[in-house]
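So the structure is just underneath, and the comments pick up after that.
The values are calculated or read from the model by the stated rules, or taken from the named source; none is laboratory data. Fair warning: this is a prediction, and the values are worked out from it, not measured in the lab. Methodologically, a virtual Cβ is constructed for each residue, glycine included, from the backbone with ideal geometry; neighbour enumeration extends over all protein chains shown.
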């Protein structure tokens, strides 16, 4: 009888530990918004986009269409401490931070928000980029 009790207790403890592991496992997905990152993650992120001027695989240069829903990037206009400095051009938006506004066939779509942006943007007349 002691042997069967020991087996039963062992099976119970194993199931409790396994069940608890489901609820306390670390999430495998990464944050989907810049504002959800920790300060260390934000610093790493900014260093990574500094070299290739992309955000989530989207190049931060080119033709931009403004939308009110289903954007590729949510931006907030700021006057200081931007993530990206944007210069509006009428043709050839080939460099980092150079954007050309279009109504069709954009490279990416942008929605302007007042809170919880993906990227904070400052409009400039010269020296666009990070």
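The table below gives the values:
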item: Residues satisfying the stated conditions in segment 108-130, i.e. surrounded by 17 or more Cβ atoms within 10 Å (Cβ to Cβ) and either out of contact with any strand residue (DSSP E or B) (no Cβ under 7 Å at 6 or more places or on another chain) or over 25 Å from residue 36 (Cα atoms) (or both); result: 128
item: Residues located in segment 105-119, provided they are at pLDDT below 95 and within 18 Å of residue 58 (Cα to Cα); result: 117, 118, 119
item: Residue 91, sole failed condition from (1) outside any strand (DSSP E or B); (2) closer than 22 Å to residue 37 by Cα; result: (2)
item: Residues that are under 11 Å from residue 128 (Cα atoms) and either in a loop (DSSP other than H, G, I, E, B) or touching a helix residue (DSSP H, G or I) at 6+ places or on another chain (Cβ under 8 Å) (or both), drawn from segment 95-117; result: 95, 96, 97
item: Subset of segment 120-130 [part of a loop (DSSP other than H, G, I, E, B) and within 21 Å of residue 56 (Cα to Cα)]; result: 128, 130
